[in-house]
Ligand code: AGP
């Protein structure tokens, strides 16, 4: 949540930072701002997306700039609340991602001597630095940080100082190392165009950027040396490449991303499978879409390996911590590896000495670095707020793990390769057009219901989440048998209801459930390998021994996408949301 991008070097910083902000927009897009330095500090702040601002290219040239794109927490989306925030003398500017929990007490204390102009928690930071400037800029920043409780990734500049200073605790910050130029950002795609050499900052580290960079531990106050990593992502992966939206591009990539997801170190997978089999309790912990991948996988584990896996929403994990021991395996699943609730669950599990085996997409993310073992889903950058390719990659990897637990790693790989091949059939223009037509037909409906049984129950939940998230239509997913326990009361003439009817043991029951809905006037959209008289609209999907949850979610993702477009929204940046949820 919130994106930071800063630059110091020979090139034009205002151009690099405004371009970086556009690339970071998926982290928050309520408002944006930039501070850039020449002989004085200039600040520009605007409400809305930077993509909608056409004056960015006309900003004055500079060689030092800090920028921020905001997802509002404290205070609405206004110019005054947009970052950077500044000190009373207007010489210090700060951008911040995270939440300062003790900002109210600090503000009360500072208000006696400083003038506040926003409602944000962040504004205490430039004032705290200003209070301590007699110590020098660097020491003043350190002194300010000592007063903060909560999470932060901050970057500060001073009108009269050459240095940029950045620090982090709990929110991500990565340094990009170019040729005589430096970048600081919340996420790599912000500067990937310029360099793929990075240093990931850890909590309670501070960096000063001048002609060279110096990193210090805030705990010991000593300089530290850190490893430089090379990011394998290409700029092409982080661009739309001719697609109208990232969401459609990412849906379309799934045939390839599925193959990459199962390209794993066989030995390592088998080793972890053995540990799960030894069985002292395994927890899948995740949020949102990743939680749905975990829930689907728990059905697959139950069926294939006869193993019960506990699946817990990361935000609910504190109620389950009591069961953890050093023999428990905790498997967090996260695209970003920065989700605050997931990281909090990991922290709690580590305190109980449980083993952390994460499934994560973003290289160098906090989750990856905090895990005992990690598997990367290899989906490449996922930019659209709605998670699509990361979901199927998580599901593929977890399925492979389930097969490995049953001693059938090779068989699992074959099933998944076959499934990846089938997804290709659904990524054709004709298939997309069929879904677009359906979207055009139902776009003005207020409610939509989705049912599935067994492995397709979490797929119904995920479909509902996708549709709500990008089209703003109220959608709810149910286990097929559950609708008649209350929600059937909401079915009226023409209420659309999506039914996942795969060729499995549940087919008869789910079709009966569809009949029950149709008998009450529901408009039945069947997603199935075969047509059936109960369907009012039929979407044919392949199913010849493939994995039905991965196959079924593709038309559902496409439907969510086209519903969003047909209703005139931008599916990449849904209102009120941000890609990485870095606050609890
Ligand atoms: C899905 O479309 C979402 N935007 C959201 O639910 C997401 O999956 C969730 O916030 C978890 O994110 P993570 O995978 O990065 O941890």
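Which numbered condition trips up residue 302, out of (1) free of Cβ contacts under 8 Å to residues at least 60 places away in the same chain; (2) touching a strand residue (DSSP E or B) at 6+ places or on another chain (Cβ under 9 Å); (3) part of a helix (DSSP H, G or I)?
Going through (1) free of Cβ contacts under 8 Å to residues at least 60 places away in the same chain; (2) touching a strand residue (DSSP E or B) at 6+ places or on another chain (Cβ under 9 Å); (3) part of a helix (DSSP H, G or I) one by one, residue 302 breaks only (2).
Say whether the condition of being assigned by TED's automatic domain parsing to the domain that holds residue 344, in contact (Cβ under 8 Å) with a residue 40 or more places away in the chain, within 16 Å of the ligand (Cβ to nearest atom) and surrounded by 15 or more Cβ atoms within 10 Å (Cβ to Cβ) is met by at least one residue in segment 262-277.
No, the conditions are met nowhere in segment 262-277.
Which of the residues belonging to segment 1-18 are in a helix (DSSP H, G or I), in contact with a helix residue (DSSP H, G or I) (Cβ under 8 Å, 6 or more places away or on another chain) and under 20 Å from residue 172 (Cα atoms)?
Within segment 1-18, just 18 meets the criteria.
Pull up segment 369-396, narrow it to residues that are assigned to a helix (DSSP H, G or I) and within 12 Å of the ligand (Cβ to nearest atom), then point me to the one that is nearest to residue 328 (Cα to Cα).
394
Checking residue 316 against (1) free of Cβ contacts under 8 Å to residues at least 40 places away in the same chain; (2) within 16 Å of the ligand (Cβ to nearest atom); (3) touching a helix residue (DSSP H, G or I) at 6+ places or on another chain (Cβ under 8 Å): exactly one of these is not met. Which one?
For residue 316, the failing item is (3).
Which one of the conditions (1) surrounded by 21 or more Cβ atoms within 10 Å (Cβ to Cβ); (2) within 16 Å of residue 142 (Cα to Cα) does residue 208 fail to meet, given that it meets all the rest?
With respect to (1) surrounded by 21 or more Cβ atoms within 10 Å (Cβ to Cβ); (2) within 16 Å of residue 142 (Cα to Cα), residue 208 is out only on (1).
Which ones in segment 35-82 are assigned to a strand (DSSP E or B) and over 24 Å from the mean Cα position of the chain (by Cα)?
35, 36, 37, 41, 42, 43, 44, 45, 46, 64, 65
Identify all residues within segment 83-108 that are assigned to a helix (DSSP H, G or I) and surrounded by 16 or more Cβ atoms within 10 Å (Cβ to Cβ); write none if there are none.
Those that are assigned to a helix (DSSP H, G or I) and surrounded by 16 or more Cβ atoms within 10 Å (Cβ to Cβ): 103, 106, 107.
Name the residues in segment 418-440 that are farther than 14 Å from residue 558 by Cβ and more than 26 Å from the chain's Cα centre (by Cα), would you?
418, 421, 422, listed by residue number.
In segment 552-570, is there at least one residue being within 16 Å of the ligand (Cβ to nearest atom) and part of a loop (DSSP other than H, G, I, E, B)?
yes
Would you call residue 119 assigned to a loop (DSSP other than H, G, I, E, B), touching a residue at least 12 places away in the same chain (Cβ under 8 Å) and farther than 22 Å from residue 159 by Cα?
yes
Is there a residue in segment 472-480 that is free of Cβ contacts under 8 Å to residues at least 60 places away in the same chain, farther than 30 Å from residue 76 by Cβ and assigned to a loop (DSSP other than H, G, I, E, B)?
no
The values are calculated or read from the model by the stated rules, or taken from the named source; none is laboratory data. Computed from a predicted structure; not experimentally measured. With ideal geometry, Cβ positions are generated from the backbone for all residues, glycine too; neighbour counts draw on all protein chains shown.
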